[in-house]
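Student: Right, I'll just put the structure down here and ask away after.
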Amino acid sequence: MMKKLKEKEDYNFVHHPEHPDAWAIRLENGPFPETTIVFGAIRYDDTNEELKFDFSVVDSQDENLTEANVELQQYAGDLLFSVIEDGLEEGFVKINESEN
């Protein structure tokens, strides 16, 4: 079940010096508070009709938290869906056809 997350409540966009050209998002509450993740490649898989994405944990209070954590993967998916949905509504996200 996908959870709708809200900017300024559940997460905030932040600048991360190691990733100046990427989306760095700090999780404010929920199961991973004070964790910052950066999304990499985001693509839609037509064959399986699903969104695929890469992300990295760049800061966390939990030193054992990694991208391999299945609960974090699901939460990151919910977060990405929320950001894209809000971005489409507000006009700061655009969808482009892949050249591949």
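Student: For residue 80, only one of the following conditions fails: (1) out of contact with any helix residue (DSSP H, G or I) (no Cβ under 6 Å at 6 or more places or on another chain); (2) at pLDDT 95 or above; (3) crowded, with 16+ Cβ neighbours inside 10 Å. What is its number?
Tutor: So the condition that residue 80 fails would be (2).
Student: A follow-up question, please. Filter region 3-49 down to residues that are among the small types (Gly, Ala, Ser) and at pLDDT 90 or above, then give me how many there are. Can you show your working first?
Tutor: To start, the set of residues in region 3-49 that are among the small types (Gly, Ala, Ser) comprises 22, 24, 30, 40-41.
Narrowing further to those that are at pLDDT 90 or above: 24, 30.
Residues in region 3-49 being among the small types (Gly, Ala, Ser) and at pLDDT 90 or above: 2 in total.
Student: I would also like to ask the following. Please state which of the following conditions residue 97 fails to meet, knowing it meets all the rest: (1) outside any loop (DSSP other than H, G, I, E, B); (2) loosely packed, with under 10 Cβ neighbours inside 10 Å; (3) of a type in the set (D, E, K, R).
Tutor: For residue 97, the failing item is (1).
Student: Of the residues 81, 92, 55, which single one is among the aromatic types (Phe, Trp, Tyr), in contact with a Lys or Arg (Cβ under 9 Å, 6 or more places away or on another chain) and closer than 22 Å to residue 3 by Cβ? Give the steps one after another, and end with the answer.
Tutor: Values: 92 fails: in contact with a Lys or Arg (Cβ under 9 Å, 6 or more places away or on another chain); 55 fails: in contact with a Lys or Arg (Cβ under 9 Å, 6 or more places away or on another chain).
Matching residue, one of 81, 92, 55: 81.
Student: Pick from region 27-43 the residues that are free of Cβ contacts under 8 Å to residues at least 24 places away in the same chain and within 19 Å of residue 61 (Cβ to Cβ): which of them is surrounded by the most Cβ atoms within 10 Å (Cβ to Cβ)?
Tutor: Taking region 27-43 first, the residues free of Cβ contacts under 8 Å to residues at least 24 places away in the same chain are 28-29, 38, 40-41.
Still in the list and also within 19 Å of residue 61 (Cβ to Cβ): 28-29, 38.
Values: 28: 17, 29: 11, 38: 19.
Only one residue fits best here, namely 38.
Student: Mind listing whichever residues of region 24-53 are over 17 Å from residue 74 (Cβ atoms) and of a type in the set (A, V, I, L, M)?
Tutor: Those that are over 17 Å from residue 74 (Cβ atoms) and of a type in the set (A, V, I, L, M): 24, 38, 41.
The values are calculated or read from the model by the stated rules, or taken from the named source; none is laboratory data. Bear in mind that the values here come from a model prediction, so they are computed numbers and not experimental data. All Cβ positions, glycine included, derive from the backbone under ideal geometry; neighbour counts span all protein chains shown.
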